[in-house]
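J.: The structure under discussion is supplied below as structure tokens; questions concerning it will follow.
The values are calculated or read from the model by the stated rules, or taken from the named source; none is laboratory data. It should be emphasised that the depicted structure is a prediction, and the values quoted were computed from it without experimental measurement. In this analysis, Cβ positions are derived from the backbone assuming ideal geometry, glycine residues included, and neighbour counts consider all displayed protein chains. Heavy atoms of the whole protein, side chains included, go into the accessibility calculation; ligands, DNA and RNA do not. Shrake-Rupley method; radii C 1.70, N 1.55, O 1.52, S 1.80 Å.
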Amino acid sequence: AARRSHPRPAAGRRRTVLTAGAATLATAGTVVGILLATSSGSPEGDDTPRAGSSASAPATTGGATPSPTVGGTTRPQTLPPGTHREAGGFAWATPDGWRRDVKTGAEVHYTSPDGAQELVGKSSLARGDLLETWQTSERNAHQGQDYRKIRLEETTFRGHPAVVWEYTFTLKGVHWHARLLGFNVTGKSYQVNTWYDAGIEQEALATYEKVRDSFTVL
């Protein structure tokens, strides 16, 4: 007699849960994106890196400049261990197995396999005061259900002027936590952000802090 195959509902349910989680996270990302529509310090959509800042540009590590060579050329520097270049003029170390989604040439997102956390790196031209710009975004943007600001304040990141914005909101019954860091370096504005399901905060923060600490301007 022919062998009868049986469905595997457990796996199917898991795929459904993961798909639903990813869809919810994508919507959460939309909410964060609305909040940040003008917070990059440049007009919305203007994420074009300055000339000379591209994936093929020589990298610098720890603020060092490339060593001069014969004929005025430069010797490319080695990236910090575990990091990889992005077209926005920065490098960082992202988790293995996460889905990569390039929004623009200067903005890239990584999403965890279960859809519970997203990481964002981006760059743009720096225009205006960063804190004032983000404060304007918070006042003017549609902020989502149960939005609660934890902090929006000036800080520094490796000696550069920076702003940190942390808040929570609810979307489709899920409580989300967002942590955003923006800073300016020589005329460009960079962001390294995350939003995550508040139920995995300890794990999510460990991941974010590792990625943030690896972030290197090229």
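J.: Just checking, does region 153-173 include any residue being touching a Pro at 6+ places or on another chain (Cβ under 8 Å), within 19 Å of GLU203 (Cβ to Cβ), open to solvent by 70 Å² or more (accessible area, probe 1.4 Å) and modelled with pLDDT of 95 or more?
T.: no
J.: Another one. Identify the single condition in (1) part of a loop (DSSP other than H, G, I, E, B); (2) more than 17 Å from the chain's Cα centre (by Cα); (3) over 23 Å from VAL217 (Cα atoms) that ARG151 does not satisfy, given that it satisfies every other one.
T.: Every listed condition holds for ARG151 apart from (1).
J.: Tally up the residues in region 168-215 that are of a type in the set (Lys, Arg) and more than 18 Å from THR94 (Cβ to Cβ), please.
T.: The total comes to 2.
J.: Please work out which one of (1) farther than 30 Å from ASP114 by Cα; (2) not in a loop (DSSP other than H, G, I, E, B) is the condition TRP176 fails and give its number.
T.: (1)
J.: Still on this structure: Tell me, which strands (runs of 3 or more DSSP E) wholly within region 85-128 include 2 or more residues that are surrounded by fewer than 18 Cβ atoms within 10 Å (Cβ to Cβ)?
T.: Numbers: elements: 90-92, 99-104, 107-111, 117-125.
Qualifying strands (runs of 3 or more DSSP E): 99-104.
Results for (1) aliphatic (A, V, I, L, M); (2) out of contact with any Phe, Trp or Tyr (no Cβ under 6 Å at 6 or more places or on another chain), shown as yes or no for each residue.
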| residue | (1), (2) |
| --- | --- |
| ARG99 | no, yes |
| VAL102 | yes, yes |
| GLY105 | no, yes |
| GLY115 | no, yes |
| LEU119 | yes, no |
| LYS122 | no, yes |
| GLY128 | no, yes |
| THR133 | no, yes |
| ARG139 | no, yes |
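J.: Take the residues of region 143-202 that are without any contact (Cβ under 8 Å) to a residue 60 or more places away in the chain and aliphatic (A, V, I, L, M): which is farthest from ASP129 (Cα to Cα)?
T.: Going through the qualifying residues, I end up with ALA198.
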